[in-house]
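The structure appears below as structure tokens.
The values are calculated or read from the model by the stated rules, or taken from the named source; none is laboratory data. Quick caveat, the model's predicted, so the values are computed rather than measured. All Cβ positions, even for glycine, are placed from backbone atoms using ideal geometry, and neighbour counts span all protein chains on display. These area figures cover heavy atoms from the full protein model, side chains too; ligands, DNA and RNA do not enter into them. Shrake-Rupley method; radii C 1.70, N 1.55, O 1.52, S 1.80 Å.
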Amino acid sequence: MTEALVLSTQVGAVRTLTLNRPKALNSFTSEMHLVLAEALGEVERDRSVRCLVLTGAGRGFCAGQDLADPAVAPAATAGARPTDVGNVIERFYKPLALRIRAMPVPVIAAVNGVAAGAGASIALGCDFVVAARSASFIQAFSKIGLVPDAGGTWLLPRLVGRANALALAMTGDKLPADEAQRIGLIWKCVDDAAFADEVRALAERLAAMPVAALAATRAAIDAAMHLSYADALSHEGQWQSKLSASHDYLEGVAAFIAKRPAVFSDR
Ligand code: T3D
């Protein structure tokens with residue numbers, strides 16, 4: 001029986017999707033994209049899911065595009081037409097990156113090992129990036145004559161500034177997880193032995209929070225990146241109008257007044 005390309009498990013309200021092509025460091029084939037898209041659709045539809053964890057099987061998180069996937073690999077035969085990688089981006093990576101950014105629940109990238117190329121971009125596009133100390137981030141694109149994609153050019157300078165973004169993208173050097181945390185590329189680097197427990201604890205904590213407000217927080221912060229101060233203030237007000245009409249806001253305030261734990265359920 002063939003192994004699923006993406007493993008989906010749920011404990012409580014935390015859904016974990018595990019990229020599962022460990023022999024090729026979980027690099028993306030067209031088929032894995034399709035299976036992942038289906039799994040993300042299930043997360044969107046299933047209201048029992050309140051936090052999503054994306055991780056990789058084996059020693060890697062994801063090595064980006066599978067460079068040997070016949071569907072996208074550059075033609076080796078002399079005279080053959082080269083693959084238009086832009087089409088691959090439009091078809092697979094752009095929808096994936098946008099979808100993760102619009103998930104109705106918080107998304108944690110649990111970077112268990114190397115994250116390279118589009119694998120790094122997809123991780124960095126998640127709400128939280130928690131990496132094992134043995135993990136690393138590689139902007140592998142320059143080594144094969146491409147630019148960072150899957151959101152890399154947008155994310156990198158915003159996360160670490162232009163100087164670091166250019167250095168990482170142009171050299172393609174391996175950035176260890178602790179250094180990635182130090183320069184603000186990721187949220188947290190944790191010892192390998194504590195990695196699974198840290199991810200679980202964070203996911204469970206987020207799942208118990210008002211997740212609709214957390215998803216709105218992501219949207220508001222992303223929108224504010226290209227708004228004026230005045231417009232951001234107005235945009236925040238619009239979100240507050242919407243959220244203050246929700247069950248979770250009423251519950252949050254009632255629980256605070258009654259000095260009891262809140263039970264949030266909106267999504
Ligand atoms: O069509 C398009 O190109 C679309 C564009 C998409 C955007 C991108 O993602 S472009 C960037 C693509 N990714 C890369 O260039 C990374 C390539 N991989 C590496 O540079 C190295 O594997 C790593 C630095 C990530 C890890 O190195 P290391 O020494 O720990 O492992 P390894 O021995 O290189 O890899 C282990 C196996 O995974 C190996 O297979 P083997 O020899 O054991 O049968 C290797 O070939 C395979 N593998 C790793 N990355 C890929 C891959 N196979 C196919 N595609 C990969 N991207």
Which ones in segment 81-109 are more than 13 Å from the chain's Cα centre (by Cα), basic (K, R) and at pLDDT 90 or above? R91
Can you tell me which residue among A78, A71 is farther than 28 Å from R267 by Cα and either modelled with pLDDT of 95 or more or away from the ligand (no atom under 16 Å from the Cβ) (or both)? A78
Let me confirm something: among A109, A102, which residue is within 16 Å of the ligand (Cβ to nearest atom), of a type in the set (A, V, I, L, M, F, W, C) and out of contact with any His (no Cβ under 7 Å at 6 or more places or on another chain)? A109
Since R133 meets every condition but one in (1) open to solvent by less than 50 Å² (accessible area, probe 1.4 Å); (2) closer than 24 Å to R205 by Cβ, which condition does it not meet? (1)
Please note which helices (runs of 4 or more DSSP H) are completely contained in segment 201-267 and include at least 2 residues that are free of Cβ contacts under 8 Å to residues at least 12 places away in the same chain and β-branched (V, I, T). 211-224, 247-258
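So, D197, is that one modelled with pLDDT of 95 or more and either part of a loop (DSSP other than H, G, I, E, B) or within 28 Å of A140 (Cβ to Cβ) (or both) or not? Give the steps one after another, and end with the answer.
On the way: modelled with pLDDT of 95 or more: yes; either part of a loop (DSSP other than H, G, I, E, B) or within 28 Å of A140 (Cβ to Cβ) (or both): no.
So D197 fails the test.
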Based on what the data block shows, is L7 open to solvent by 50 Å² or more (accessible area, probe 1.4 Å), within 25 Å of F137 (Cα to Cα) and in a helix (DSSP H, G or I)? no
Tell me which residues, restricted to segment 156-192, are in contact (Cβ under 8 Å) with a residue 60 or more places away in the chain and away from the ligand (no atom under 16 Å from the Cβ). R158, L185, I186, K188, V190
Close pairs (6 angstrom Cβ cut-off, 6 or more residues apart or separate chains): within 12 Å of the ligand (Cβ to nearest atom) in segment 129-155, open to solvent by 30 Å² or more (accessible area, probe 1.4 Å) and of a type in the set (D, E, K, R) anywhere: S134/D192; S136/K174; I138/K174
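Whether any residue in segment 63-78 is in contact with a helix residue (DSSP H, G or I) (Cβ under 8 Å, 6 or more places away or on another chain), part of a helix (DSSP H, G or I) and small (G, A, S) is what I want to check.
In the first step, residues of segment 63-78 are kept if they are in contact with a helix residue (DSSP H, G or I) (Cβ under 8 Å, 6 or more places away or on another chain); the result is 63-69, 71-72.
Right, trim to part of a helix (DSSP H, G or I) and you get none.
Scanning segment 63-78, I find no residue that is in contact with a helix residue (DSSP H, G or I) (Cβ under 8 Å, 6 or more places away or on another chain), part of a helix (DSSP H, G or I) and small (G, A, S), so the answer is no.
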So L40 fits all but one of (1) touching a residue at least 12 places away in the same chain (Cβ under 8 Å); (2) farther than 30 Å from V263 by Cβ; (3) part of a helix (DSSP H, G or I); what number is the exception? (2)
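Mind checking which residues of segment 136-156 are assigned to a loop (DSSP other than H, G, I, E, B), small (G, A, S) and surrounded by fewer than 24 Cβ atoms within 10 Å (Cβ to Cβ)?
Residues of segment 136-156 that are assigned to a loop (DSSP other than H, G, I, E, B), as a first pass: 139, 145-151.
So of that shortlist, the ones also small (G, A, S) come out as 145, 150-151.
Residues satisfying the conditions are G145, G151.
Looking at V85, is it surrounded by fewer than 22 Cβ atoms within 10 Å (Cβ to Cβ) and near the ligand (Cβ under 8 Å from one of its atoms)?
Criteria met by V85.
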